[in-house]
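K.L.:
My questions all concern the structure below.
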Amino acid sequence: MITIIEGTNRPDSMTHKVAIFYQKVLLEKNIDTKLLSLQNRNVWERGEEMTAIENEYLADADKFIFILPEYNGSFPGILKLMIDNSNVKKCWSFKKGLLIGLSQGRFGNVRGIDHITSILNYMKMNVFHSKLILSSINEEMDNNGHILKQETEQRIKNQINDFLQF
């Protein structure tokens, strides 16, 4: 199973729309996926809800797709809180991860991708080498979640195909 993680808890975010698009592509390939939204989730403490998230989305996943918006030159703290409050060995060790960075600016969260790569490697995750950067996301996707550029859609599909072989 592949779990797609929306790296923010902001409502109606472009991150959510990108995550939905990735899930759609995977479902078209009959790949078992789950989509974990951090919106309205209590992940800032190790409690019942965090344990339920682990059991439903993290522990049984073989691979993860992280959709990471840029927040102040990195990725959102809510994702780091979830990681920090999870059972690292049970949820992350020796599993595989795919990273997608997005921003409204020109750099598509390059720094955040580098930052989380170091964290995931520390937790013994295997991070896929092909990291997709979606700069100027409002020019790449509309508010309804439709990809505006054929080239971008093809890059996403190619990245997914390569990750499935990883």
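Laboratory data are not the source of any read-out in this text; all were calculated from the coordinates shown. Keep in mind it's a predicted model, so treat the numbers as computed, not measured. Here Cβ is always computed from backbone atoms with ideal geometry, including for glycine, and neighbour counts include all displayed protein chains.
K.L.:
If only one of 101, 97, 77, 73 is loosely packed, with under 13 Cβ neighbours inside 10 Å and not polar (S, T, N, Q), which one is it? Talk me through it step by step, then tell me what you get.
P.N.:
Working: 101 fails: loosely packed, with under 13 Cβ neighbours inside 10 Å; 97 fails: loosely packed, with under 13 Cβ neighbours inside 10 Å; 77 fails: loosely packed, with under 13 Cβ neighbours inside 10 Å.
None of the other options fit; the residue is 73.
K.L.:
Condition first: assigned to a helix (DSSP H, G or I), of a type in the set (Ser, Thr, Tyr), closer than 23 Å to residue 105 by Cβ and in contact with an Asp or Glu (Cβ under 9 Å, 6 or more places away or on another chain). Can you find one or more residues in segment 143-165 that meet it? Full working, then the answer.
P.N.:
Our first condition is that a residue be assigned to a helix (DSSP H, G or I); within segment 143-165, this holds for 150-165.
Still in the list and also of a type in the set (Ser, Thr, Tyr): 152.
Next, only the ones that are closer than 23 Å to residue 105 by Cβ stay: 152.
Filter once more, keeping what is in contact with an Asp or Glu (Cβ under 9 Å, 6 or more places away or on another chain): 152.
Within segment 143-165 (the criterion being assigned to a helix (DSSP H, G or I), of a type in the set (Ser, Thr, Tyr), closer than 23 Å to residue 105 by Cβ and in contact with an Asp or Glu (Cβ under 9 Å, 6 or more places away or on another chain)), the answer is yes, since at least one residue qualifies.
K.L.:
Taking into account only those residues within segment 31-70 that are acidic (Asp, Glu) and touching a Ser or Thr at 6+ places or on another chain (Cβ under 8 Å), which is surrounded by the fewest Cβ atoms within 10 Å (Cβ to Cβ)? Steps first, please.
P.N.:
Within segment 31-70, the subset acidic (Asp, Glu) is 32, 45, 48-49, 54, 56, 60, 62, 70.
Retained after the next criterion (residues that are touching a Ser or Thr at 6+ places or on another chain (Cβ under 8 Å)): 54, 70.
Details: 54: 18, 70: 23.
Going through the qualifying residues, I end up with 54.
K.L.:
Tell me the residue from 136, 118 that is surrounded by fewer than 17 Cβ atoms within 10 Å (Cβ to Cβ), without any contact (Cβ under 8 Å) to a residue 12 or more places away in the chain and out of contact with any Pro (no Cβ under 8 Å at 6 or more places or on another chain), please.
P.N.:
Values: 136 fails: without any contact (Cβ under 8 Å) to a residue 12 or more places away in the chain.
So the residue among 136, 118 that is surrounded by fewer than 17 Cβ atoms within 10 Å (Cβ to Cβ), without any contact (Cβ under 8 Å) to a residue 12 or more places away in the chain and out of contact with any Pro (no Cβ under 8 Å at 6 or more places or on another chain) is 118.
K.L.:
Output the residues belonging to segment 100-148 that are among the aromatic types (Phe, Trp, Tyr) and under 22 Å from residue 88 (Cβ atoms). Can you show your working first?
P.N.:
Going through segment 100-148, the residues among the aromatic types (Phe, Trp, Tyr) turn out to be 107, 122, 128.
Those that are among the aromatic types (Phe, Trp, Tyr) and under 22 Å from residue 88 (Cβ atoms): 122, 128.
K.L.:
Still on this structure, I have one more. Report, ordered by the first and then the second residue, all pairs with beta carbons closer than 8 Å, sequence separation of six or more or different chains, a first member in segment 145-158 that is surrounded by 11 or more Cβ atoms within 10 Å (Cβ to Cβ), and a second member that is part of a helix (DSSP H, G or I) and aromatic (Phe, Trp, Tyr).
P.N.:
Cβ pairs passing all conditions: 145/21; 147/21; 156/21; 156/22.
K.L.:
Please indicate, with yes or no, whether at least one residue in segment 123-132 is in contact with a helix residue (DSSP H, G or I) (Cβ under 6 Å, 6 or more places away or on another chain), aliphatic (A, V, I, L, M), surrounded by 18 or more Cβ atoms within 10 Å (Cβ to Cβ) and over 16 Å from residue 22 (Cβ atoms).
P.N.:
So in segment 123-132, the residues in contact with a helix residue (DSSP H, G or I) (Cβ under 6 Å, 6 or more places away or on another chain) come out as 123, 127-128, 130-132.
Pick out the ones that are also aliphatic (A, V, I, L, M) and you get 123, 127, 132.
From what is left, the residues that are surrounded by 18 or more Cβ atoms within 10 Å (Cβ to Cβ) are 127, 132.
After this cut, where a residue has to be over 16 Å from residue 22 (Cβ atoms) as well, the list is 127.
Within segment 123-132, one or more residues are in contact with a helix residue (DSSP H, G or I) (Cβ under 6 Å, 6 or more places away or on another chain), aliphatic (A, V, I, L, M), surrounded by 18 or more Cβ atoms within 10 Å (Cβ to Cβ) and over 16 Å from residue 22 (Cβ atoms).
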